[in-house]
Amino acid sequence: MNYDVIVIGAGFSGAVTAQQMAQAGKKVLVIDKRPQIGGNMYDAPDENGVLVHWYGPHIFHTNSQRVWEYVQQFSKWFPYEHRVLGRIDGQLVPIPFNFKSLDTLFPKEKAQEIQKKLLDLFPGQRTASIMSLLSAKDETIHSFGEFVFEKVFLHYTAKQWGMPIDQVDRSVIDRVPVVLGYDDRYFQDTYQFMPEKGYTPIFEAMLDSPNIQVQTNREAGTMLKLDEVNGVISLEGTPFQGPVIFTGAIDQLFGYAYGPLPYRSLRLDFQRLETTSFQPAAVVNYPNEEDFTRITEFKKLSGQELPGVTTILREYPMAYDPMAAQGNTPYYVISDPENLALYQRYVKLAEKFPNLFLCGRLAEYKYYNMDGAILQALRLSDSLLERKSL
Ligand SMILES: Cc1cc2nc3c(=O)[nH]c(=O)nc-3n(C[C@H](O)[C@H](O)[C@H](O)COP(=O)(O)OP(=O)(O)OC[C@H]3O[C@@H](n4cnc5c(N)ncnc54)[C@H](O)[C@@H]3O)c2cc1C
């Protein structure tokens, strides 16, 4: 095949751009260094037949109608509203913290007093941020805020990010509000669904085109040469003029020229158990005493009915080191000014190549949920397809 486009990475960012290019009649080469497609959404049954998300649990939710319509082309989906419990003071309560959590952890009269004051202080609001509770003048609300801050945020955030909470980007803390009611859904998005047969078949359907050739177990660095002086990218020795859409880690692409971009990584500890059910929710958070942050029970995400067996995952946050045997998967971007400045230095290198396009969470050094990654990839595809030269 003579390719019009090269896509590096077969996660959503790569698969969407490849699918859009192929649909427009372009010949696309997709390469991924992993043995399989799907990126971090890759799922497959384990030995007990439990559908496991091998890079951590993934729940689809979006407010984008475009994204929702797009993904429906490749799979049937079933409605799924995610609910998370957290173990606080030995009790399992809804997370985000809501009025049910309040009722469970506080004496009845105190809980009623806090509830009333919250509703008076934030009239008509569905949620309040933890920071707004902490800055409340009312002593009852302020100490309630301190309680939630300590039990839900403080230790969890330190574990997750490996740094004191005051050094963590504010947006991370604002992501989990306090709910002023009994709504115990983790997400509020308009569209909340899970794919009927899992995520991997979606990628198979997206990449199933006579215009797409997929090569797995192929590291971009072994196939592409980047000539920084002339701004030329070669594919196996031959200069390639078409778009090269890169969705991998930008620092790796440039041989860590300025050092690795920092990420948080995870040690994923899967356990197969001979029991039908392990816990009352798909995800239980452990904000305080334990070294792990959460346990996921996969059957409760997929709705699979498999009596006598279940599979769980404990996530242990750890530092990322691209050269280490463990912790070498970049999971979460650490978005602080120093790291973003380092990223910009890599962008400057990338700009030397007029046909190189950066797309996705690793190449853009940005946290995207699945829907954000899909939307970004659709937009990049739109802009590439508008070009007359393609
Ligand atoms: C633990 C965790 C849980 C998450 N849960 C959710 C969730 O519940 N809901 C949600 O919406 N989002 C969730 N996300 C976010 C979601 O994973 C991302 O939106 C998604 O991964 C973005 O897709 P991507 O294609 O940009 O990146 P990826 O999925 O990481 O795909 C990148 C691909 O590029 C390949 N690659 C990289 N470098 C090279 C190279 N040099 N050569 C060849 N191939 C290469 C990789 O092997 C990989 O397959 C979660 C993220 C994490 C870390």
Of the conditions (1) touching a residue at least 40 places away in the same chain (Cβ under 8 Å); (2) among the aromatic types (F, W, Y); (3) surrounded by 14 or more Cβ atoms within 10 Å (Cβ to Cβ), F106 satisfies every one except a single condition; which number is it? (1)
Picking from T276, T311, the residue that is among the hydroxyl-bearing types (S, T, Y) and either crowded, with 18+ Cβ neighbours inside 10 Å or not in a loop (DSSP other than H, G, I, E, B) (or both) would be T311
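Restricting to region 63-96, count the residues that are over 30 Å from R379 (Cα atoms) and touching a residue at least 12 places away in the same chain (Cβ under 8 Å). Please lay out each step first, then the result.
Going residue by residue through region 63-96, those that are over 30 Å from R379 (Cα atoms) are 83-96.
Retained after the next criterion (residues that are touching a residue at least 12 places away in the same chain (Cβ under 8 Å)): 83-89, 91-96.
Final tally of qualifying residues: 13.
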Having 2 or more residues that are away from the ligand (no atom under 16 Å from the Cβ) and surrounded by fewer than 19 Cβ atoms within 10 Å (Cβ to Cβ) is the bar; report the strands (runs of 3 or more DSSP E) wholly within region 158-259 that clear it. 238-240
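So which of Q91, Q73 ends up being out of contact with any strand residue (DSSP E or B) (no Cβ under 8 Å at 6 or more places or on another chain), assigned by TED's automatic domain parsing to the domain that holds I374 and among the polar types (S, T, N, Q)? Before you say what the answer is, go through the steps one by one.
Values: Q91 fails: assigned by TED's automatic domain parsing to the domain that holds I374.
Q73 is the lone residue from the list that is out of contact with any strand residue (DSSP E or B) (no Cβ under 8 Å at 6 or more places or on another chain), assigned by TED's automatic domain parsing to the domain that holds I374 and among the polar types (S, T, N, Q).
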Hey, can you tell me all the residues within region 69-113 that are of a type in the set (V, I, T), assigned to a helix (DSSP H, G or I) and within 16 Å of the ligand (Cβ to nearest atom)? V71
Could you please find all residues in region 331-364 being assigned to a loop (DSSP other than H, G, I, E, B) and within 11 Å of the ligand (Cβ to nearest atom)? Y331, C359, G360, R361, L362, A363, E364
Looking at R170, R175, can you tell me which residue is free of Cβ contacts under 8 Å to residues at least 60 places away in the same chain and closer than 22 Å to M318 by Cβ? R175
May I ask you to verify whether R66 is assigned to a helix (DSSP H, G or I), of a type in the set (K, R) and within 30 Å of A220 (Cβ to Cβ)? yes
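Can you tell me which residue in region 1-53 is nearest to the ligand (Cβ to nearest atom), limited to those that are of a type in the set (A, V, I, L, M, F, W, C) and assigned to a helix (DSSP H, G or I)?
The qualifying residue nearest to the ligand (Cβ to nearest atom) is F12.
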Residue check for P57: in contact with a strand residue (DSSP E or B) (Cβ under 9 Å, 6 or more places away or on another chain) and within 9 Å of the ligand (Cβ to nearest atom): yes
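Counting only residues that are touching a residue at least 60 places away in the same chain (Cβ under 8 Å) and not hydrophobic (A, V, I, L, M, F, W, C), which one in region 260-273 is farthest from the ligand (Cβ to nearest atom)?
Pass one, region 260-273, residues touching a residue at least 60 places away in the same chain (Cβ under 8 Å): 260-268, 270, 272.
Those left that are additionally not hydrophobic (A, V, I, L, M, F, W, C): 260, 262-265, 267, 272.
Numbers: P260: 13, P262: 14, Y263: 9, R264: 9, S265: 9, R267: 12, R272: 20 Å.
This residue is R272.
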Subset of region 369-390 (residues that are without any contact (Cβ under 8 Å) to a residue 60 or more places away in the chain and assigned to a loop (DSSP other than H, G, I, E, B)): R387, K388, S389
Filtered residue count, region 314-330, keeping only those that are out of contact with any helix residue (DSSP H, G or I) (no Cβ under 8 Å at 6 or more places or on another chain), surrounded by 13 or more Cβ atoms within 10 Å (Cβ to Cβ) and not in a strand (DSSP E or B): 5
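The values are calculated or read from the model by the stated rules, or taken from the named source; none is laboratory data. Note that the coordinates shown come from a computational prediction; the quantities given were computed from them, not determined experimentally. We place every Cβ from the backbone using ideal geometry, glycine too, and count neighbours over all the protein chains shown.
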